[in-house]
Amino acid sequence: MKRPGRKPSGLFLLVAGRCKVIGMVPSRLRAPGAISFALLCLAVVPCSHAQRTQFKPGWNRYSPQEDISLGKQVAVDAEKQLPSCNAPNVDAYLTELGKKLVAKLPTGGVEYPCEFHCVNDKAINAFALPGGYVFVNRGAIEASDNEAQLAGVMAHELSHVALRHGTSEATKAQFAQTGVGILGAIFGGNAGGALLTELGRFSAGGVLLRYSRSAETQADVVGTQVLYDAGYDPRALAQFFEKIEAESKGQNPPEFFSDHPNPEHRVERVQEEIDKLGGLPRNMKRDSAEFEAIKREVLALPVVRRETLAGGGAAPRPMGPPPAPSAKFEEYQAAAYGMKYPDNWKKYGEKESVLFAPDGGLIEGSDGKPGLAYGVIVDVTKVPGDASDGKAMEKLTQELIGTLQKSNPKMKIARQSGRVRLNGQPALSTYLSNESPAGGEETDWLITVIRPEGLVSFVCAAPQKDYEKYDQTFSAILDSVRFGK
Ligand SMILES: [Zn+2]
């Protein structure tokens, strides 16, 4: 499997050409901007775009191409974990309907791959991973009264994709509790849920799929616009959510609402948007013979028992220990340093802040948060002022340990810092003990070096019981480190 974010341009080539926008207006005219907007209005008569609400995607450390590669990786795993409907007709129908909606989706010029899958799960739910990998439970199809309602759910999901809510939430989660980026965010398991999904493992509770109420309202509004533009009854989206909520009164709420919290005044906000669009469209579509046939087919599918659903809301179980580190190494080059790592490990993150871990090296701890059990974290912390004096390295290392301890309350210094050399540079070696997300004690070997770019830190982590097996690999990784001039 390709490592996330390594060759975004290649990945983009791979998906280019699929899922093209197929509206009346050539895709090059769909780019935002006054001229193309005017042309769009000329081409689509009557022009009812003038008043519509527009949203900009929120703060996001990922690029749209990373959305695609990350979503693809998680989608591959989701497909393995979730039972398929095994009904090619249904997938083909969802794909056709989905692409009709995608053609009207305001993606800011990005072409998302957009795949549609039917999941054999009776729970009323659907989700879309970044990049447009959409999974629709049979339960959502069965609960839809007509094609417009199903299109409404899918338009809502696709709007999360276009507004890039998944990676935006992940960005917020990573930075919410710490200022030290990846290092503080995932070390020992802080709020870095994004990295658990970067691992490529699908979890129904993944941070990529947990939206805020304001994101829900945005997805409702944009989803309503998409329905409208695709010629469907734009009220269908809110009607569907209202209906499933009303039907579940007093019982367990539909699974959908656990990831998509019901925003207040949903129906009113959707109605307001329809007014802005110029009222209900003429000849709007509500249902189709195809939908009714597909719904009958889905109702007749064999039922997969809930307990066998790996992604059914249960926390992913920690896997066994990872495979032994390969003796072959890959290279990684950042601006401040170069290094090598076993070629059966994966790289997460980018630039100076990266993490290298084997499959199964990043796992969910007993507190339900992801953490690094096996692997190496590298980060560069900017140093204020003059760091060239001899004492700075000790002081900055102590500060870094203090920061780590805030996210890892059980972390202790096991062996005081001692002077070593790394690629000929003076460095400090410190051993820490911590609680392993894999259970039991963990050993963390911390190496810090002062460089013009800041304090470069390497944290080599493994459970204490397995540490000896990793010691040699960690030493080889550190031996491979090269600093610039
Ligand atoms: Zn939503």
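The numbers here are math on the coordinates, done by the rules we state, and not lab data. No experiment lies behind these values; they were computed from the predicted model shown. When we count neighbours, we look across all protein chains shown, and the Cβ atoms used for this are built from the backbone with ideal geometry, even at glycine.
Odds and ends about this structure:
- Highest to lowest packing among 391-399, 344-352, 419-427, scored as the average C-beta count within 10 Å: 344-352, 391-399, 419-427
- Gln81-His265 pseudo-label distance in nm [points 7 Å out on the Cα-to-Cβ vector]: 3.7 nm
- 18 Å Cα-Cα reach of Lys410 towards aspartates and glutamates, excluding residues that sit fewer than 8 places from it in its own chain: Glu364, Asp367, Glu399, Glu435, Glu441, Glu442, Asp444
- Over 31 Å (Cα to Cα) - which of Lys406/Lys469; Lys172/Lys347; Lys80/Lys249; Lys56/Lys80; Lys172/Lys249 fall in this group: Lys80/Lys249; Lys56/Lys80; Lys172/Lys249
- Peptide packing: for 108-114, 233-239, 261-267, 327-333, the average count of neighbouring Cβ atoms within 10 Å per residue gives the ranking 233-239, 108-114, 261-267, 327-333, highest mean first.
- Amide H contacts of Lys285: Tyr232, Asp233, each under 5 Å away and 5 or more positions distant or on a separate chain (H built 1.01 Å from N in the peptide plane; Pro and chain starts excluded).
- For a label point 7 Å along the Cα-to-beta-carbon line of Glu399, residues of the range 416-459 with backbone N under 17 Å: 428, 448-458
- Over the range 376-485, the fraction of Cα-Cα pairs per 5 Å bin, rounded to whole percents and listed from the shortest bin up, is 2, 11, 23, 25, 19, 12, 5, 2, 0.
- Residue-span extension gain [Arg419 to Lys243] - 0.36 nm each, minus C-alpha spacing: 56.7 nm
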